[in-house]
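Trainee: Pasting a structure below so you can have a look.
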Amino acid sequence: MNFKNIRIQNKKIRNLIPQFITIAILLSTIIYFVTNAQINMDNRGIAFGFGFLKQEASFDITFSLIDYDGSYSYARAFLVGLLNTILVSVIGIFFATLLGVIIGVSRLSENYLIAKVAEWYVEIFRNIPLILQIFFWYFAALRALPLPNEAINFNDISFLTVKGFYVPKFIWTNFNIFLISIIGAIIAIYFFYKFSKKQREQFGKQLPTASISLLIFLTFPLISFLFFGVTLSFEYPVLKQLSPTIFTFEGGLNIIPELLALALSLSMYTATFIAENVRAGILGVNKGQKEAAASIGLNKNQILKLVVMPQALRIIIPPTTNQYLNLTKNSSLAAAIAYPDIVLVFAGTALMQTGRAIEIISITMLTYLTLSVSISIFMNWYNKKMAIKEK
Amino acid sequence: MKSIKTLVLVTFASLLLVACGQGGGGAGSKKSKTLENTKKAGFVKCGVSEGVPGFSNADASGNWTGIDVDVCRAVAAAVLGDADKVKYTPLSAKERFTALNSGEIDILSRNTTWTLSRDADIGLTFVGVNFYDGQGFMVRKSSGINSVNEFKDGIVACTNIGTTTELNMRDFFNSKNVKYEPLGFESADEVVQAYDAGRCDTYTTDKSGLAAQRTKMKDPSEHKVLPETISKEPLGPVVRQGDNVWEDIVRWSLNTFIEAEEYGVTSKNASSLKDSDNPAIKRLVGAEGELGAAFGLDNEWSLRIIEQVGNYGESYKKHLGDTGIMPNRGPNQLWTKGGILYVPPAR
């Protein structure tokens, strides 16, 4: 009995020893680097601290989603950069997914031309480094686009120029009521879906869900316009002369070329990977599944929606999550073309103006980590929702 | 118990060692860790720009030239006896201070503006000024703009991020009450491309930089620099704080370089001036006094600088005058000739 106990203890200790050694090495490495940095910084009279975040930033930023100018603090500049990173990532993810699904499905098309075009698209854009694509779209577009006085004119409403894409600005009154109506519409659609599912499962009735949801989605905001005083007007961009040859547009909203080029290159690049995921997902569904679905009388759309897609999504989601993470991290290449993302604004300008390299790089790394982990958590939740539920 | 004591002792001792290793000689000591390391390595580690013609620019075969480069060459001539023994590291505005602080380079000679916060706050020491500059604006000639007072709301101004330029620009437009659109790029080449493509209406940076970058435009004659100067930009070499001897070597290499012009000592006549009547000249060419000993160098250190690199005037003429980048020396003329170049005497 005694003998046996010792053996178990030995085994436990044996298992613990490597773990202790690992922790010890890890800790001493961290301590070494931290103390070394501390000593070096002390020697050169560099203070460590985050107090600088409250100081006035005193530099301006091209493009911001919130109120900002140089009189705000470094913390505010950080927020501007963060929001710009999130903006370009969201736009990029949306268009990459859309384009990726279209290309992925096209690659499986029976039409030879469509399938080949999709294949070439994937091979070309997947194999050129992203930074070159960003430079290409940015500088090629800049060289190709006209000056404001010769702008590409879309019905006198929008103007595409080298200084950006000028579009009408929405001027809302009672915007929050409009927002509530949209949220209300989404909730109503959710309950309608539940209801129609019940109808289908209990009575075998097929309701035209798509058209009814569209109707709900349009009616709710319409009611807010008609009865709750929501109004919308537009402010159109107008050409303005600054000097004999310098022109710009005043009023309206300017989508800067840096954002256009970055969103375009990020989505076109990432779409190739998503397209391959989609293709793999669809091919991964057993042929017998489609045949079985056809044999019970489902039509082509129903087969895709009810049988193929739910199974394909399980294969598509995990690698696509990786692509979303990649896109978000790749958006840091924005710094190369002056798009004011967190790297350019905070780990760039703010770092150089304050000289607080260690503090700022730590904050920036932590921010990307948080962004990535949030995307992962959301996609894992969605993946679990899509997984096979054992009944 | 004993083993714990030993452990504490060893830890403490090694911490002290690390501290000394990084410190590099306290005040008053004649020993310089940077000097020792430079002699051991056989080259001076110098941080330069990524390419500003006339200041620091690499030609097709990788040879660096320019008046900023000549500061590093002067230090190499003084310390190692050969002005060519320099390792150049091209740095963006963003990387420069970190590279110096981390010891990747020992001198930063990269048109860097001397400001209070840089000198006091981030562990750097400016040793002097090798170019008195000021911020200006470049526009297309066809724009019809002749003065900074003609800028109107909506003008797009491009520059490099992380520079004093970026801050001055805001102060300037605010003082004129002009709503401008700023656009900041990481490297100068991208600013040039964007400006050339018409994305920016004006390009603002130090006037020397504007003159140098103009040569990179598709058609340099289409552009002009506006007459106004909106800021003071004293540019000079920078070293790490804490190594006073090294700091002195770089400072006096620069001063000697400038003083040589004042006394008419050039790369051609330097060695023949050893028996000059003027003691100041004799000191410059190492024929009198023991000046080098003050920072652990021999007595011919200054002679080598002048013989191998030349004096400030020669360097200016070669890199900025003959190239047509800034033929007019303006404030960068000697104080004896109406400029503001005035260095403490080497004695």
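Trainee: Assigning unit charges at the beta carbon (Lys, Arg +1; Asp, Glu -1) and nothing else, what dipole magnitude in debye, to the nearest 20, does the protein assembly as shown show about its Cα centre? It would help to have the intermediate numbers written out before the result.
Mentor: On the way: 72 positive and 62 negative charges, 828 e Å.
With only Lys, Arg, Asp and Glu charged at Cβ, the dipole is about 3980 debye.
Trainee: Sticking with this one: With the cut-off at 19 Å, tell me which of the pairs B:K45/B:K85; B:K94/B:K232; A:K169/A:K240 have Cα atoms farther apart than that. Mind showing how you got there, number by number?
Mentor: Working: B:K45/B:K85 9 Å; B:K94/B:K232 21 Å; A:K169/A:K240 17 Å.
With Cα atoms farther than 19 Å apart: B:K94/B:K232.
Trainee: Could you give the length gained on full extension between A:Q241 and A:K12, defined as 0.36 nm per residue of separation minus the Cα-Cα distance, in nm?
Mentor: On the way: separation 229, 0.36 × 229 = 82.44 nm, distance 8.02 nm.
Length gained between A:Q241 and A:K12: 74.4 nm.
Trainee: Another question, if that's okay. Just to be sure I understand the model, the point goes 7 Å from the Cα along the line to the Cβ. What's the resulting A:F48 to A:F94 distance in nm?
Mentor: 4.2
Trainee: At 7 Å along Cα-to-Cβ for each site, give me the label-to-label distance between A:A75 and A:E150 in nm.
Mentor: Distance between label points: 4.9 nm.
Trainee: Another question, then. Could you work out, residue by residue across A:335-345, how many beta carbons of other chains sit within 10 Å of that residue's beta carbon, and then give the average as an integer?
Mentor: Details: counts 5, 4, 5, 12, 1, 4, 0, 0, 1, 6, 2.
The shielding value for this peptide is 4.
Trainee: Separate question: Report the calculated FRET efficiency for B:K317 and A:K169 (r = Cβ-Cβ distance, R0 = 35 Å), to the nearest 0.05.
Mentor: Values: r = 56 Å, r/R0 = 1.59.
Once the sixth-power term is evaluated, E becomes 0.05.
Trainee: So what are the ³J(HN,Hα) numbers for region A:205-219, from phi and the Karplus equation (6.51, -1.76, 1.60; θ = phi - 60°), rounded to whole Hz, Gly and Pro as x?
Mentor: Rounded to whole hertz, the list is 8, 9, 8, x, 4, 4, 5, 5, 5, 4, 4, 4, 5, 8, 5.
Trainee: What does the charge dipole of chain B about its Cα centre add up to, to the nearest 20 debye, if the Cβ of each Lys and Arg holds +1 and the Cβ of each Asp and Glu holds -1?
Mentor: In debye, rounded to 20, chain B gives about 580.
Trainee: In Å and on Cα atoms, what radius of gyration and Dmax does the protein assembly as shown show?
Mentor: 33.0, 117
Trainee: Still on this model: Tell me, B:W301, A:W381 in order of fewest to most beta-carbon neighbours within 10 Å? Please report the intermediate quantities before stating the final value.
Mentor: On the way: B:W301 23, A:W381 10.
Lowest to highest Cβ neighbour count: A:W381, B:W301.
Trainee: Compute the length gained on full extension between B:D219 and B:V178: take 0.36 nm times their separation in residues and subtract their Cα-Cα distance, giving the result in nm to one decimal.
Mentor: Numbers: separation 41, 0.36 × 41 = 14.76 nm, distance 2.90 nm.
Full-extension gain reported as 11.9 nm.
Trainee: Round to the nearest 0.05 the FRET efficiency obtained for B:N299 and B:D171 when R0 = 60 Å and r is the Cβ-Cβ distance.
Mentor: Details: r = 48 Å, r/R0 = 0.80.
Efficiency for this residue pair is about 0.80.
Trainee: Nearest 500 deg cm²/dmol is fine: what mean residue ellipticity at 222 nm does the protein assembly as shown get from its DSSP H runs of n ≥ 4 alone, each adding -39,500 (n - 2.57), divided by its residue count?
Mentor: Numbers: 24 runs with 367 residues, N = 738.
Helix contribution divided over all residues of the protein assembly as shown: -16500 deg cm²/dmol.
Trainee: Still on this model: Given axes a ≥ b ≥ c from the Cα gyration tensor, I'd like to know whether region A:68-179 is rounded (a/c under 1.5), prolate (a/b larger than b/c) or oblate. Spell out each step's value before the answer.
Mentor: Details: a/c = 1.68, a/b = 1.58, b/c = 1.06.
Prolate, because a/c is 1.5 or more and a/b exceeds b/c.
Trainee: Per-residue counts of other Cβ atoms within 10 Å, averaged by peptide: what ranking do you get for A:151-158, B:326-333, highest first?
Mentor: Working: A:151-158: 12.9, B:326-333: 16.2.
Order by mean packing, descending: B:326-333, A:151-158.
Trainee: Another question about this same structure. What ranking do A:255-261, B:254-260 get when scored by the average of other Cβ atoms within 10 Å per residue, highest first?
Mentor: Working: A:255-261: 22.3, B:254-260: 24.6.
Answer by packing, highest mean first, reads B:254-260, A:255-261.
Trainee: Rounded if a/c is under 1.5, else prolate if a/b is larger than b/c, else oblate: which is chain B, with a ≥ b ≥ c the root eigenvalues of its Cα gyration tensor? Could you put the intermediate results ahead of the total?
Mentor: On the way: a/c = 2.29, a/b = 1.33, b/c = 1.72.
Oblate.
Trainee: Right, another one. Based on alpha-carbon atoms only, what is the radius of gyration of region A:113-230 relative to the globular estimate 2.2 N^0.38 Å?
Mentor: 1.73
Trainee: Give the lysines whose C-alpha is closer than 18 Å to that of A:K12, dropping any in the same chain fewer than 8 places away, or say none.
Mentor: Leaving aside lysines fewer than 8 places away in the same chain, those within reach of A:K12 are A:K4.
Trainee: Let me ask something additional. Between B:N63 and B:S271, how many nm apart are label points set 7 Å from Cα along the C-beta direction?
Mentor: Distance between the two pseudo-spin positions: 2.0 nm.
Trainee: If the cut-off is a Cα-Cα distance under 20 Å, which lysines reach B:K282, setting aside same-chain residues fewer than 8 apart in sequence?
Mentor: B:K268, B:K274
Trainee: Rounded to whole Å and ordered largest first, report the semi-axes of the equivalent ellipsoid of chain A derived from its Cα gyration tensor (root of 5λ). If you can, show how the numbers build up before the last one.
Mentor: Numbers: eigenvalues 333, 314, 115 Å².
Over the Cα atoms of chain A, the ellipsoid semi-axes are 41, 40, 24 Å.
Trainee: If packing is taken as the average number of other Cβ atoms within 10 Å across a peptide's residues, how do A:231-241, B:265-275 rank, most packed first? Walk me through the numbers before you get to the answer.
Mentor: Working: A:231-241: 14.1, B:265-275: 15.6.
Highest-to-lowest ranking by the protection proxy: B:265-275, A:231-241.
Trainee: To the nearest whole percent, what portion of all C-alpha pairs in region B:240-317 is separated by more than 20 angstrom? Please report the intermediate quantities before stating the final value.
Mentor: Values: 814 of 3003 pairs.
When all Cα pairs of region B:240-317 are counted, 27 percent exceed 20 Å.
Trainee: Work out the mean other chain Cβ neighbour count within 10 Å for the residues of A:52-61 and drop it here as an integer. Write down the numbers at each step before the final one.
Mentor: On the way: counts 1, 0, 0, 0, 0, 2, 4, 9, 12, 3.
Taking all residues of A:52-61 together, the mean is 3.
Trainee: Relative to the Cα centre, what is the charge dipole magnitude of chain A, using +1 at the beta carbon of each Lys and Arg, -1 at the beta carbon of each Asp and Glu, and rounding to the nearest 20 debye? Working shown, then result.
Mentor: Numbers: 32 positive and 19 negative charges, 497 e Å.
With Lys and Arg at +1 and Asp and Glu at -1, about 2380 debye.
Trainee: Once phi is turned into ³J(HN,Hα) by the Karplus curve 6.51 cos²θ - 1.76 cosθ + 1.60 with θ = phi - 60°, what whole-Hz value does each residue of region A:104-117 show in order, with x for glycine and proline?
Mentor: Per-residue couplings from phi come out as x, 5, 4, 5, 9, 5, 7, 6, 4, 4, 4, 4, 5, 4 Hz.
Trainee: Sticking with this one: By count of other Cβ within 10 Å, fewest leading, how are B:D219, B:D119 ordered? Before the final figure, lay out the partial values.
Mentor: Numbers: B:D219 8, B:D119 14.
Fewest to most other Cβ atoms nearby, the residues stand as B:D219, B:D119.
Trainee: If r is the Cβ-Cβ distance from B:D82 to A:V34 and R0 is 41 Å, what FRET efficiency results, to the nearest 0.05? Walk me through the numbers before you get to the answer.
Mentor: Numbers: r = 40 Å, r/R0 = 0.98.
Efficiency, rounded to the nearest 0.05: 0.55.
Trainee: Something else about it: Using 0.36 nm per residue of separation minus the Cα-Cα distance, give me the extension gain between A:I128 and A:L226 in nm, one decimal. Provide the component values of the computation, followed by the final result.
Mentor: Numbers: separation 98, 0.36 × 98 = 35.28 nm, distance 5.17 nm.
Taking A:I128 through A:L226 to full extension adds about 30.1 nm, to one decimal.
Trainee: Within straight cross-link reach of B:K179, meaning Cα distance under 18 Å, which aspartates and glutamates are found once same-chain residues fewer than 8 apart are removed?
Mentor: A:D60, A:D67, A:D69, A:E250, B:E150, B:D153, B:E166, B:D171, B:D201
Trainee: Sticking with this one: Within a 10 angstrom radius of each residue's Cβ in B:201-212, how many Cβ atoms of other chains show up on average? Whole number is fine. Walk me through the intermediate numbers first.
Mentor: Values: counts 7, 1, 0, 0, 0, 0, 0, 0, 0, 0, 0, 0.
That works out to 1 on average.
Trainee: Restricting things to alpha carbons, tell me how big region B:135-231 is in terms of Rg and Dmax, in Å.
Mentor: Here Rg and the maximum Cα pair distance are 11.9, 33 Å.
Trainee: Continuing with the same structure: Can you put B:V48, B:V343, A:V117, B:V239 in order of Cβ neighbours within 10 angstrom, beginning with the fewest?
Mentor: Working: B:V48 28, B:V343 20, A:V117 15, B:V239 25.
By the 10 Å Cβ count, ascending: A:V117, B:V343, B:V239, B:V48.
The numbers here are math on the coordinates, done by the rules we state, and not lab data. Quantities reported herein were computed from a predicted structural model and do not represent experimental measurements. Note: ideal-geometry Cβ built from the backbone for every residue, glycine included; neighbour counts use all protein chains shown.
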